[in-house]
Amino acid sequence: MEQYEPDRLAPAQVAAIRRSFRNGRASFTRRSLLRASAGGALTVGGLGALSACGIPAAGKTQGGTSAEDHSAKEKVVNFSNWPEYIDVDSSGKHHPTLETFARRTGIQVKYTEDINDNNEFFGKIKPQLAAGQDTGRDLIVLTDWLAARLIRLGWVQKLDPANLPQAFANLAEQYRRPDWDPGRAYSYPWQGVSTVIAYNKKALDGIEVKSVSDLLDNPKLKGRVSFLSEMRDTMGMTVLDMGKDPAKVTDDDFDAAIARLQKAVDKGQIRRFTGNDYTSDLAKGDIAACVAWGGDIVQLQSDSPDVDYVIPDAGWLTSTDNMLIPNKARHKANAERLIDFFYEPRQAAQLSAYVAYMSPVDGAKEELAKIDKASAENPLIIPTKDMVAKAHSFRALSDKEEAAYEEKFAKLTGA
């Protein structure tokens, strides 16, 4: 194995970035992808600009650096998010929640959909953050593992609880104490992401699928099973199936799960490791069962009645995309007011009705029922208490661990 250097990405990590940018949960957009994949072949460009830029060793744990807050005089907040990850009206030109916020507070939201991949975006803002400069953004949305990195580096600001009364009161219990930000001192979830088992009822033709073991061991499913190309999702679900907790995964646990998956690869049980592109194969029945993202399944079911999902008895994997305020942001208080606004159950419901991911807001279910009863009753959007009890998160990894784990996973997947 190549010697780990903390100031640069390992080759396996670069490969993981490319997989994510090409066809992982980061690719395309969170809603338009399914429309594209249902039509057939998918094409991607623009990878040439991606490079193995150095990333400093993460070790700093104190709060980030504030700047003079101009919120009182400058009624604006600069918000960077992922494409198609907020509510849009029928014209496709307006975001109703942001317009409600502006009318109520007088604060205009300059909203930019410029996050297409966690690592690519990190490379974009890293030079300013490393130099102690303003990124030009007051609020950003990053997946939990990268949010953890920025917090460790001391590159995001500690939040002021006085500006977040609704967020503190309405944050669902399962999201309150991630190991990388206990008590949510630096971040609040934008949306939750679920990893479950999905299947095509017609393709299964009576075969029972209730666990990862069923995917790996049932010879009737040989060559008709897929797992995700995102390391934490596939490994987390496999570790759970083996009776281990992903939140406490050890090197030995990880290696045992790799060996189990490798055995299934060698005998042809696993057809391939995929990003979002499994949705087309699942809808057509070319893949009978797979490890899948809940948001994809919610959207896919509207057009594919044969598609369904199961929560294994061993549990399911949950992760979050999170709102953070970068160092030197000019409008910290305005950004905090916007975070708090989205923790009003009515606004949270409006958001979930459009994006179809898991709401982290207590009280959103009742408001969502007024908009879309079916969504309010869908556990992949508003999880039940029984489902929450089975939720698990993959623990935060050090940079060295991540490099080693990604290299092992890349060998498994052939990436």
- Pairs, please: C-beta under 7 Å, at least 6 apart or cross-chain, first residue open to solvent by 40 Å² or more (accessible area, probe 1.4 Å) and in segment 126-141, second modelled with pLDDT of 95 or more and assigned to a helix (DSSP H, G or I)? Asp134/Gln128
- Task: Check segment 322-339 and report whether any residue there is crowded, with 19+ Cβ neighbours inside 10 Å, under 30 Å from Asn200 (Cβ atoms) and out of contact with any His (no Cβ under 7 Å at 6 or more places or on another chain).
- Result: no
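Let me confirm something: among Leu150, Leu164, which residue is more than 16 Å from Leu317 (Cβ to Cβ), assigned by TED's automatic domain parsing to the domain that holds Leu338 and over 19 Å from the mean Cα position of the chain (by Cα)?
Answer to the check: Leu164.
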- Give segment 76-91 a look and list any residue that's assigned to a loop (DSSP other than H, G, I, E, B) and closer than 20 Å to Glu344 by Cβ, or say none. Asn81, Tyr85, Ile86, Asp87, Val88, Asp89
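Conditions (1) assigned to a loop (DSSP other than H, G, I, E, B); (2) in contact with an Asp or Glu (Cβ under 6 Å, 6 or more places away or on another chain); (3) modelled with pLDDT of 85 or more, marked per residue:
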| residue | (1), (2), (3) |
| --- | --- |
| Ala49 | yes, no, no |
| Gln62 | yes, no, no |
| Lys73 | yes, no, yes |
| Lys93 | yes, no, yes |
| Ala102 | no, no, yes |
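Looking only at segment 206-231, count how many residues are among the charged types (D, E, K, R) and at pLDDT below 95.
Residues meeting the conditions: 1.
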- Message: For segment 138-158, which positions are modelled with pLDDT of 95 or more and charged (D, E, K, R)?
- Response: Asp138, Lys158
- Task: With respect to Asp296, determine if the residue is in contact with a Lys or Arg (Cβ under 9 Å, 6 or more places away or on another chain) and either free of Cβ contacts under 8 Å to residues at least 12 places away in the same chain or over 19 Å from Ile86 (Cα atoms) (or both).
- Result: no
- Checked segment 104-123 for anything part of a helix (DSSP H, G or I) and surrounded by fewer than 17 Cβ atoms within 10 Å (Cβ to Cβ); matches are Arg104, Thr105
- Within the set of pairs 6+ apart or on separate chains, which have a first residue in segment 264-291 that is of a type in the set (Phe, Trp, Tyr), a second that is surrounded by fewer than 19 Cβ atoms within 10 Å (Cβ to Cβ), and C-beta atoms under 9 Å apart? Phe273/Val265; Phe273/Gly414; Phe273/Ala415; Tyr278/Arg272
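Count, please, the residues in segment 212-237 that happen to be over 16 Å from Leu397 (Cβ atoms) and either open to solvent by 10 Å² or more (accessible area, probe 1.4 Å) or not hydrophobic (A, V, I, L, M, F, W, C) (or both).
Residues that pass the stated criteria total 11.
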- Query: Which helices (runs of 4 or more DSSP H) sit wholly inside segment 325-415 and have at least 3 residues that are within 19 Å of the chain's Cα centre (by Cα) and assigned by TED's automatic domain parsing to the domain that holds Gly236?
  - Reply: 399-413
- In this structure, is Trp145 of a type in the set (Phe, Trp, Tyr), open to solvent by less than 10 Å² (accessible area, probe 1.4 Å) and touching a Leu at 6+ places or on another chain (Cβ under 9 Å)? no
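Step by step: first the residues of segment 393-415, then only those that are in contact with a helix residue (DSSP H, G or I) (Cβ under 7 Å, 6 or more places away or on another chain) and open to solvent by 50 Å² or more (accessible area, probe 1.4 Å), then the one that is nearest to Tyr175 (Cα to Cα). Which residue is that?
Among those that are in contact with a helix residue (DSSP H, G or I) (Cβ under 7 Å, 6 or more places away or on another chain) and open to solvent by 50 Å² or more (accessible area, probe 1.4 Å), it is Ser393.
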- How many residues are under 30 Å from Tyr278 (Cα atoms) and touching a helix residue (DSSP H, G or I) at 6+ places or on another chain (Cβ under 7 Å) if we restrict to segment 161-187? 2
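The values are calculated or read from the model by the stated rules, or taken from the named source; none is laboratory data. Computed from a predicted model, the values in this text were never measured in an experiment. Virtual Cβ from ideal backbone geometry, glycine too; neighbours counted across all protein chains shown. The accessibility values were calculated without ligands, DNA or RNA, using every heavy atom of the protein model including side chains. Shrake-Rupley method; radii C 1.70, N 1.55, O 1.52, S 1.80 Å.
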